Amino acid sequence: MAPSAPRTRAAAALRLKQIALDNQSSTIRRLRAQLATERRGLATMKKELEDTQVALEASHKVIAGLTEIGLSMSKKMEKMKAKKQQAKESHVVCHQKFQARIQEAEDSMQAQHLIIEALVEEKIAYSKQSKVSKKLTMRLLHSMMNGRKSRKNTRRKKKLRIYL
């Protein structure tokens, strides 16, 4: 039996080495499968990273565009505020000029009213004076007419006396 024991030991050792090799092979296959899975996951993550970078760049462009639009709108708003202020100032100046014209027109109207009142008073005075003059003229004419009549009458009487 002695000679078969070393064979059995050698066969057992070979079997153990074979089992160890099989275990290592399965570990290598398992590790290779894990590596392949990790590589696929890494490729997916790399693709996602690239997509994220593209999206981030697009986002940066959108933000830059929006910022530019915002700045443009701010400039437009400032211009609009300046125009509004200028219009307001222009309106105030126009209003002041208009008020001055109104005041000037009112003053002119008041002066014209005073002139009209003076003319009306003068007309009334002339009218009274005219009436007085008419009365005096009428009296004078009447007295002159009476004087002529009386002279004529006296002449007639004298002529009649001469004839009588």
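Laboratory data are not the source of any read-out in this text; all were calculated from the coordinates shown. Worth saying up front: this structure is predicted, and the values here are computed from it rather than measured. Note that each Cβ is placed from the backbone with ideal geometry, even for glycine, and that neighbours are counted across all protein chains shown.
What the table below lists for this structure:
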| item | result |
| --- | --- |
| Charge tally in the Cβ shell below 14 Å around Gln110, where Lys, Arg are +1 and Asp, Glu are -1, Gln110 excluded | -4 |
| Number of Lys pairs (Cα under 17 Å; 8 or more positions apart or on different chains) in segment 1-96 | 4 |
| Equivalent-ellipsoid semi-axes of the chain, from the Cα gyration tensor, Å, largest first | 151, 12, 9 |
| Which of Gln34, Ala111, Leu21, positive extreme of dipole for the chain (C-beta unit charges) | Ala111 |
| Leading residue at positive end of dipole, segment 1-118 (Cβ point charges), from Ser90, Ala11, Ala58 | Ala11 |
| Cβ-placed point charges (K, R +1; D, E -1), dipole of the chain about Cα centre in debye, nearest 20 | 3220 |
| Cα-projected label distance for Tyr126 with Leu31, points at 7 Å along beta-carbon direction, nm | 13.6 |
| Nearest-0.05 FRET efficiency for Leu66 and Thr44, computed from C-beta distance (R0 30 Å) | 0.40 |
| The chain - mean residue ellipticity at 222 nm from DSSP helices (-39,500 (n - 2.57) per run, n ≥ 4, rounded to 500) | -38000 deg cm²/dmol |
